[in-house]
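Each reported figure results from applying straightforward, stated rules to the coordinates on display, with no laboratory input. Everything numeric here is computed off the predicted structure, so don't read it as measured data. Virtual Cβ from ideal backbone geometry, glycine too; neighbours counted across all protein chains shown.
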Amino acid sequence: MQDKGCPKSAFLGLCSDGVLVDIPAGDYCWSNKNKEYAIKAVDALKANRFLVTQPELLWKKVAGPSKSHNHQMDVVVALWNAGLVRD
């Protein structure tokens with residue numbers, strides 16, 4: 001998964017916005033769409049922590065029902081579960 005563009009862009013998008021612990025905000029990301037998905041997912045998790053157990057539902061809240069995911073939520077959930085997302 002680390003070589004796929006969408007999950008990588010989701011991770012770099014979170015880094016760009018300074019959402020992750022110990023990573024300063026900066027210009028790390030080239031995909032605004034995947035960055036947007038990741039940021040929205042973090043916001044959704046902050047509002048409803050139950051979604052961490054439901055990555056498919058989290059994706060639908062972030063991107064809508066008609067778009068298929070490409071492991072962006074796996075990245076967000078893994079970082080969330082590791083305690084690497086800032087409060």
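Numerical summary
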quantity: Of the criteria (1) in contact with a strand residue (DSSP E or B) (Cβ under 9 Å, 6 or more places away or on another chain); (2) closer than 15 Å to G5 by Cβ, which one L84 fails; calculated: (2)
quantity: Options S16, S66, S9, S31; residue that is over 16 Å from R86 (Cα atoms), free of Cβ contacts under 8 Å to residues at least 24 places away in the same chain and of a type outside the set (V, I, T); calculated: S66
quantity: Residue pairs meeting the criteria (Cβ under 9 Å; at least 6 apart or on separate chains; first without any contact (Cβ under 8 Å) to a residue 24 or more places away in the chain and on the phi < 0 side of the Ramachandran plot, in region 73-85; second outside any strand (DSSP E or B) and surrounded by 14 or more Cβ atoms within 10 Å (Cβ to Cβ)); calculated: A78/L84
